[in-house]
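Peer 1: Here's a structure for you.
Just so it is clear, none of the values below were taken in a lab; they were calculated from the coordinates. Predicted, not measured: the structure shown is a model, and the values here were computed from it. Don't worry about glycine lacking a Cβ; one is built from the backbone with ideal geometry, like all the others, and counts go over all protein chains shown.
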Amino acid sequence: MIRLPAATALGLAALIAASPALAQTSATAVVKTGDGKDAGVVTLTEAPHGVLLKLELKGLTPGWHAVHFHEKGDCGAPDFKSAGAHVHTAATTVHGLLNPASNDSGDLPNVFANADGAATAEAYSTLVSLKGAGGRPALLDADGSAIVVHASPDDHKSQPIGGAGARAACGVIK
């Protein structure tokens, strides 16, 4: 075991924390339903211009489901309202991947759950970053963020959340 003087160890820790190349490059969200059942896991990987998501979900109702990034890392309430609104940077947020006026950084493509309730997908978002790279909202900021799976699909146009319906499952991004 190598022992470093305290000042050297603190300096090294500060260098690692400040270096984008050495910053956290992946995160995970363990997803649960409102009654606490396991609903899978989402793995997020920082990319040069956004975040790559690998979604491995289960226990969903068959069909399409909206998935969004929410502004608070809190899935404590059974209805997941504790996760707040979508991740955003503007005071007035316009939702929708198909909306030309959109500025909602929480928007993601829908996922499809098969007949047994499983959904496996990869998605990519250029709208966020794990730590705020490129001026994009940081998913791992002081109050964290969550990934929320909704009961219905997102039409990617309607306000405020594309008709996505109730929040069916939630996972804090860590």
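Peer 1: Which residues, counting only those in the stretch 119-168, are over 24 Å from His49 (Cβ atoms), crowded, with 17+ Cβ neighbours inside 10 Å and in contact with a Leu (Cβ under 7 Å, 6 or more places away or on another chain)?
Peer 2: Ala119, Val149, Ala168
Peer 1: I would also like to ask the following. Under 7 Å between Cβ atoms, at least 6 apart or on separate chains: pull out the pairs that start in the stretch 94-113 with a residue that is within 13 Å of Gly50 (Cβ to Cβ) and end on any residue that is of a type in the set (S, T, N, Q) and part of a loop (DSSP other than H, G, I, E, B).
Peer 2: Ser105/Thr89
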